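The values are calculated or read from the model by the stated rules, or taken from the named source; none is laboratory data. The structure presented is a predicted model; accordingly, all values stated were derived computationally and were not measured. A quick note on method: Cβ atoms are made from the backbone with ideal geometry, for glycine too, and the neighbour counts reach across all protein chains shown.
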Amino acid sequence: MPPSVFFPIFVRFIKAYRVAEEDNEQRRRQEQMLLEKLEQEEQQEEGETKSPSHKGKRQQQELITELRRRQGKDSRHVYEGKDGAIEDIITALKTVPFTARTAKRSSRFFCDPAHSEEHY
């Protein structure tokens, strides 16, 4: 590979890597802020002497579900297309029951057909 081709590819890789690191750091900061916000709300609820309000608990549950949704979405990148042959094979295997062979298989590659014990 000539240097005029290699080095631009290398430079693009370095830039993309830096952007990915910044994105990861930003995501960590957002998650940390969400967790701190949840902790503050819990401390406020503990500090209150009156009965806990349903509004505060609902907000806390919404924040927890949002955090779980973000964490789950980032960790799963699965191709969900249904246009390949593998999906057809899998669906066929799920619908048709498996039946094992009960007859003896003959070895046509290693034996001469004239000397075989099985007759067709």
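When only residues in segment 1-48 that are polar (S, T, N, Q) and touching a helix residue (DSSP H, G or I) at 6+ places or on another chain (Cβ under 9 Å) count, which is nearest to GLN59 (Cα to Cα)?
GLN44
Kindly indicate the residue of segment 69-116 that is among the polar types (S, T, N, Q) and either surrounded by fewer than 10 Cβ atoms within 10 Å (Cβ to Cβ) or out of contact with any Ser or Thr (no Cβ under 7 Å at 6 or more places or on another chain) (or both) and also modelled with the lowest pLDDT among those meeting that condition.
SER75
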